[in-house]
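See below for the structure under consideration.
Values quoted throughout were computed directly from the atomic coordinates according to the rules given, and no laboratory measurement underlies them. All values derive from a computational prediction rather than experimental measurement. So basically every Cβ, Gly included, is an ideal-geometry build from the backbone, and we count neighbours across all protein chains shown.
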Amino acid sequence: MTTSATILNKEHATLGANTRVWDRVWQHEPSLSKDNALLDREKRSPRWSMILKRVQEHFGSIRELKTIELGSGRGDLSALLAQLGAQVTLLDANQHAHDQARHRFDRLGLTAMYVQNDMMGTLDDHQDKYDVSMSSGVIEHFEGPDRLQVIRAHYDVLRRGGLAIISVPHSRCAPYRLWKRYLEFRGCWPYGMEIPYSKSEMRKRANQAGLQQVQLQCMGFWQSVGDHWGKSVLHKNVDWIERTSILDSSMGFVLLKMGVRP
């Protein structure tokens, strides 16, 4: 029989494993040139173009918007928004990630608020506070009922009329799924539990969380081929971040959801 103590022990073991995974991921800080290249790449991406367009259409201007990035890491999206005048907050449970974010923002002459907290924890101080909530490559690391709760967290921190932006891997992107299975088979997968989203699951959970005017967009089929197979198969770094394909809508790597808190 499963007891409450057994369930609690399993939860603690999972939390400990997740902490070790992200401590390892954020242990090494990229060089200045690499960091500049990563930000430039995001700025050239279709994802950023769509985010920028939707935010500007919804609010008219980015300047002075209050934004929060949940599970922010080094704050790629927040850095780009801060460059356009947004007042950004970075929330992450990992101290290494915060240290790297501080170094980046200080180097770029940008300001931010840094909050060391788990997005599944208590967010009372942040509820109903922000114009934009967002995350990128975060909520696919949750399972079961937590997959709704993490989307609800994006909703809860928004003001009425605020915009939630979530980017995740798309479950129907064949190059990504094959690459992930290959690394798991070899015991080299670095990101712990990762369950990509389908369009139908994302729409369902966004609606359950209370978001309205939900828009879903897939992109990045060639990005996945280049990023995940370019080095191992073509034996060179391939940057196909801007390359489009007729397969983007059905098999694109990036699934982007944007929705409004009514």
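Take every Cα pair under 8 Å whose residues are at least 6 apart in sequence, average their separation, divide by the length of the chain, and the relative contact order is 18 percent. Ranking 52, 247, 27 by how far each Cα lies toward the positive end of the dipole of the chain (charges on Cβ) leaves 247 at the top.
Can you give me the relative contact order of the stretch 101-188 as a percent, contacts being Cα pairs under 8 Å and 6 or more apart?
Numbers: 68 pairs, mean separation 26.5, N = 88.
In percent, rounded to a whole number, it is 30.
Projecting the Cα atoms of 87, 226, 196 onto the charge dipole of the chain, computed from C-beta unit charges around the Cα centre, puts 226 farthest toward the positive end.
How would you rank 173, 218, going from fewest to most other Cβ atoms within 10 Å of each one's own Cβ?
Numbers: 173 27, 218 19.
With the fewest neighbours first, 173, 218 line up as 218, 173.
Taking Kirkwood radius over Cα pairs in Å as calculated from this structure, the corresponding entry among (i) 19.1; (ii) 18.2; (iii) 19.9 is (i). Take the Cα of residue 240, step 7 Å toward its Cβ, do the same at residue 129, and the gap between the two points is 4.2 nm. A Cβ-based charge dipole, computed about the Cα centre of the chain with Lys and Arg at +1 and Asp and Glu at -1, lands at about 740 debye.
Which order do 250, 135 fall in if you start with the one that has the fewest other Cβ atoms within 10 Å? Don't skip to the answer; put the middle values down first.
Working: 250 14, 135 25.
Final ranking by Cβ density, sparse to dense: 250, 135.
For the pair residue 193 and residue 43, the difference between a 0.36 nm per residue extended length and the Cα-Cα distance amounts to 51.2 nm.
Taking amide H as placed 1.01 Å from N in the peptide plane, residue 65 has its amide H under 5 Å from the amide H of 87, each at least 5 places away in sequence or on another chain.
Build a GNM of the chain with springs between Cα atoms under 10 Å apart, and of 160, 181, 152 the one that fluctuates most is 181. The ranking of 201, 69 by Cβ neighbour count inside 10 Å, starting from the fewest, reads 201, 69. Sequentially through the stretch 181-196, phi angles give Karplus couplings (6.51, -1.76, 1.60; θ = phi - 60°) of 5, 4, 5, 5, 4, 7, x, 10, 5, x, 10, x, 5, 9, 10, x Hz, Gly and Pro residues having no value and appearing as x.
Each Lys and Arg adds +1 at its Cβ and each Asp and Glu adds -1 at its Cβ; summed about the Cα centre, the stretch 182-262 shows a dipole of about 260 debye.
The ellipsoid equivalent to the alpha-carbon distribution of the stretch 199-262 has semi-axes of 31, 10, 9 angstrom, derived from the gyration tensor eigenvalues as √(5λ) and listed largest first.
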